[in-house]
1. Under Stokes-Einstein, with the Kirkwood radius over Cα pairs standing in for Rh, what whole-number D in µm²/s applies to the chain at 10 °C and 1.306 mPa s?
2. Roughly what angle does helix 36-45 make with the longest principal axis of the chain, taking Cα atoms, 0 to 90 degrees, to the nearest 10?
3. Which angle from 0 to 90°, rounded to the nearest 10, does the C-alpha axis of helix 108-119 make with the longest principal axis of the chain?
4. Residue separation times 0.36 nm, minus the C-alpha to C-alpha distance between residue 24 and residue 205: what's the value?
5. Choose one answer from 17, 193, 57: the residue with the largest mean-square fluctuation in a GNM of the chain with alpha-carbon springs under 10 Å.
6. Relative to the first principal axis of the alpha-carbon coordinates of the chain, what is the inclination of helix 127-139, with its axis defined by its Cα atoms, in degrees from 0 to 90 and to the nearest 10?
7. Give the value in nm², to one decimal: projected area of the alpha carbon convex hull of the range 145-209, averaged over all directions.
8. So, in nm, how far is label residue 175 from label residue 70 when the simple model puts each one 7 Å beyond its Cα toward the Cβ?
């Protein structure tokens, strides 16, 4: 019995993934969720073999979801399907426990190939992702300052750079406004920045948003 769950906050993306997987793999159960909360509820309620996960979700970040999934349901394979091919996102996803990583601009055949490889117990990185990693190694770019951020600090940086307020982050992450402000201060200190405008500019320049 094959059970696949889709987590993406864009309905058109979920519909596209659903059609491809239904046609090529005919899973017994193909669920979908638009929010992290819904996906986690489905994971707690039913048994799933594979989760297709977007990193850029409204509210709680995909990386945060990935960490929780690995902790609570270690047998569920996770394939990240993201618009981001940059090294930072790929490495963080792999370190958090993803079994595969592909970008949304890939052909449907590559998605199917990745799913089949993960279900067989393997790992998969798309050509686009591998190309970015090789390019970084070839040019020996070294570590950027934001690579020293913790997963939560990285999440706070991206959220603030995307225009989210401290109050919104506190609500979505179920932490206090004071805690979010503390994280923001740590991020600014580690990056050597002093204002939200500088945080936003840094994130844009490094392709984090």
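Just so you know, all these numbers are worked out from the coordinates, no wet-lab data involved. Bear in mind the structure is a predicted one, so any value in this text is a computation, not a measurement. All Cβ positions, glycine included, derive from the backbone under ideal geometry; neighbour counts span all protein chains shown.
1. Numbers: Rh = 17.8 Å.
Translational D for this selection: 89 µm²/s.
2. Value to nearest ten degrees: 40.
3. Around 90 degrees separate the two axes.
4. Details: separation 181, 0.36 × 181 = 65.16 nm, distance 3.90 nm.
Difference between extended and current length: 61.3 nm.
5. 193
6. 40 degrees
7. Working: hull surface 15.1 nm².
Dividing the Cα hull surface by four gives the mean projection, 3.8 nm².
8. Placing both labels 7 Å beyond Cα along the Cβ direction yields 1.8 nm.
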